[in-house]
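Chemist: Dropping the structure in here first, questions after.
Please treat every number below as a calculation from the coordinates, not as lab data. All of these numbers come straight from a predicted model, not from anything done at the bench. For neighbour counting, all protein chains shown are included, and Cβ atoms are generated from backbone atoms with ideal geometry for every residue, glycine included.
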Amino acid sequence: MHKRYCNLNNPTSGRTALALLLASAVWMLVGCSPSSPPPAELAFGQEPYLRYCASCHGNQGGGKPPTFPPLAQSEWLTLGSDALGLIVLYGLKGEIEVAGQTYRGYMPPMQHISDEEIAALLTYMNEAWADGGEAVSAADITRLRGAFDGPRAPLDGYEGLMDALDAL
Ligand code: HEC
């Protein structure tokens, strides 16, 4: 599989073969094609993150200021998994501050994502960008999904998020 990325020449003699073998082993260890890793190398939870969040928040969580806020270096990731789960399930609107910059955007609710996938992508985000590396379970998301009666409007800014957390 790696040969496809490395494009090594065929070995011609025994000694060259050994040298090339060693070289290719080292090459594979350091990763010969970091810009296009095979899908098997994706971290747990990264796949649903890339599928559902990266179009706005970026593959590396850098966001697209001034339209889409970052997740890496975002203080919102320190608010805990309930806060993050609520944002994904119910959406977020209004004026907010992220990493010293003001955003006035709208994030749509994403109830179509399964509890397992939300748990996995939040666990990935916590591992990649939050200090705690908290693991989120599907049961946590099931609880948040059933926490309110009927449909709920998107959370209105930081205050709206705090109100929703209080109401849990
Ligand atoms: C269609 C674009 C879009 C998608 C897709 C999207 N978001 Fe957002 N997200 C936004 C916008 C816009 C805001 C800021 C809303 C505001 O200004 O009130 C935001 C804000 C946030 C915030 C709080 C602020 C911050 O940057 O920390 C978190 C956390 C977040 N999103 C997580 C996610 C996760 C997790 C996913 C994937 C399940 C996701 N978002 C998918 C557009 C998006």
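Chemist: With only alpha-carbon atoms counted, please give the Rg and Dmax of the range 103-168, in Å.
Modeler: My reading of the Cα-based Rg and Dmax gives 12.9, 34 Å.
Chemist: Taking the Cβ-Cβ separation of LYS64 and ASP149 as r and a Förster radius of 41 Å, what is the calculated FRET efficiency to the nearest 0.05?
Modeler: Calculated value: 0.70.
Chemist: Stretched out fully, how many nm does the piece from MET162 to GLU134 gain, at 0.36 nm a residue minus the Cα gap?
Modeler: 8.1 nm
Chemist: Please order SER74, SER114, SER137, SER81 by the number of other Cβ within 10 Å, starting at the fewest.
Modeler: In increasing order of surrounding Cβ atoms, one gets SER114, SER137, SER74, SER81.
Chemist: Using the C-alpha gyration tensor of the range 61-110, what are the square roots of 5 times its eigenvalues, in whole angstrom, with the largest one first?
Modeler: One finds semi-axes of 16, 14, 9 Å for the range 61-110.
Chemist: Report, by chain and number, residues whose modeled amide H sits under 5 Å from the one on LEU92, excluding near sequence neighbours (fewer than 5 apart, same chain).
Modeler: Placed amide hydrogens put MET107, LEU155 under 5 Å from LEU92.
Chemist: What is the Rg over Rh value, at two decimals, for the range 47-168, using alpha-carbon atoms and the Kirkwood definition of Rh?
Modeler: With Rh from the inverse mean 1/r over Cα pairs, Rg/Rh is 0.92.
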